[in-house]
Amino acid sequence: MKVAIGGDHAGFVFKNDLAGYIRRKGFEVLDIGAHAYNEKDDYPDFAFAVARAVIAGEAERGIVVCGSGVGASVAANKVVGVRAALCHDTYSAKQGVEHDDMNVLCIGARVIGPALAEEIVAAYLSAQFSGEERHQRRLNKVLAAEAREFSHSESK
């Protein structure tokens, strides 16, 4: 599996450490950036880039790291087809994929430590969408709402 990863200045070191961890776990990493520390960079740029890489099929999953993870989650979810969630526990990271087909994980580098982040990433990357009828039914409702909103915004 290929994983796109990105982070702003607040997540820069954390993102680099997680990219190394992901590689050591045997996954391929597409490092979206930041590639150098810049205290004036903006989390939406990296969230959009990771989200677009996932939607374009350049990576199967994405991870975005910013200070809290909240901004990254909000921004990534603006890209049609992305199901991003902020997860600071392994249960949510695993269930987000299994039940909701989450494809972008957002983490706050100022909220959790590196050991927990690695556990969360491991749970996220090892999970697969269940495809169970109830989960597919719910996902279909989300996808239909997204399609309606997208087509509504396109007609303006």
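Here are some residues: Gly57, Gly69. Which one is out of contact with any Asp or Glu (no Cβ under 6 Å at 6 or more places or on another chain), closer than 22 Å to Gly113 by Cα and among the small types (Gly, Ala, Ser)? Let's see the steps before the verdict.
Details: Gly57 fails: closer than 22 Å to Gly113 by Cα.
After applying the criteria, what remains is Gly69.
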Based on this model, can you work out whether Ala145 counts as more than 16 Å from Ile5 (Cα to Cα), surrounded by fewer than 23 Cβ atoms within 10 Å (Cβ to Cβ), modelled with pLDDT under 95 and among the hydrophobic types (A, V, I, L, M, F, W, C)? yes
Of all residues in segment 98-127, how many are touching a residue at least 24 places away in the same chain (Cβ under 8 Å), assigned to a helix (DSSP H, G or I) and of a type outside the set (Phe, Trp, Tyr)? 14
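Residue under question is Ser130, and the condition is that it be among the hydroxyl-bearing types (Ser, Thr, Tyr) and not in a helix (DSSP H, G or I); does it hold? Write out each step before concluding.
On the way: among the hydroxyl-bearing types (Ser, Thr, Tyr): yes; not in a helix (DSSP H, G or I): yes.
So Ser130 passes the test.
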Listed by first then second residue, the pairs whose first member lies in segment 11-22 and is on the phi < 0 side of the Ramachandran plot and basic (Lys, Arg), whose partner is surrounded by 21 or more Cβ atoms within 10 Å (Cβ to Cβ) and not in a helix (DSSP H, G or I), with beta carbons under 7 Å and at least 6 positions apart or on separate chains, are Lys15/Ile5; Lys15/Gly6; Lys15/Gly7; Lys15/Val65
If the Cβ limit is 6 Å and pairs must be 6+ apart or interchain, which residue in segment 27-42 that is under 10 Å from Ala4 (Cα atoms) pairs with which residue that is part of a loop (DSSP other than H, G, I, E, B) and not charged (D, E, K, R)? Leu30/Ala59
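For segment 74-97, name all the residues that are in contact (Cβ under 8 Å) with a residue 40 or more places away in the chain and of a type in the set (D, E, K, R). Quick ask: steps written out before the conclusion?
Of segment 74-97, the ones in contact (Cβ under 8 Å) with a residue 40 or more places away in the chain are 80-81, 83.
The one that is in contact (Cβ under 8 Å) with a residue 40 or more places away in the chain and of a type in the set (D, E, K, R): Arg83.
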Odd one out for Arg83 among (1) surrounded by 19 or more Cβ atoms within 10 Å (Cβ to Cβ); (2) touching a strand residue (DSSP E or B) at 6+ places or on another chain (Cβ under 6 Å): (2)
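Okay, residues lined up against (1) surrounded by 15 or more Cβ atoms within 10 Å (Cβ to Cβ); (2) of a type outside the set (Phe, Trp, Tyr); (3) touching a helix residue (DSSP H, G or I) at 6+ places or on another chain (Cβ under 9 Å); (4) at pLDDT 95 or above:
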position	(1), (2), (3), (4)
Val97	yes, yes, yes, yes
Val104	yes, yes, yes, yes
Gly108	yes, yes, yes, yes
Tyr124	yes, no, yes, yes
Glu149	no, yes, no, no
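Residues are listed down the side, and each one gets a yes or a no for (1) basic (Lys, Arg); (2) closer than 28 Å to Ala145 by Cβ; (3) modelled with pLDDT of 95 or more; (4) not in a helix (DSSP H, G or I):
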site: Gly11; (1), (2), (3), (4): no, no, yes, no
site: Ile22; (1), (2), (3), (4): no, no, yes, no
site: His35; (1), (2), (3), (4): no, no, yes, yes
site: Pro44; (1), (2), (3), (4): no, yes, yes, no
site: Ala53; (1), (2), (3), (4): no, yes, yes, no
site: Glu58; (1), (2), (3), (4): no, yes, yes, yes
site: Ser68; (1), (2), (3), (4): no, yes, yes, yes
site: Ala75; (1), (2), (3), (4): no, yes, yes, no
What do you reckon, is Val64 outside any helix (DSSP H, G or I), under 20 Å from Ala4 (Cα atoms) and touching a strand residue (DSSP E or B) at 6+ places or on another chain (Cβ under 7 Å)? yes
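The values are calculated or read from the model by the stated rules, or taken from the named source; none is laboratory data. Model, not experiment: these values are computed from the prediction. When we count neighbours, we look across all protein chains shown, and the Cβ atoms used for this are built from the backbone with ideal geometry, even at glycine.
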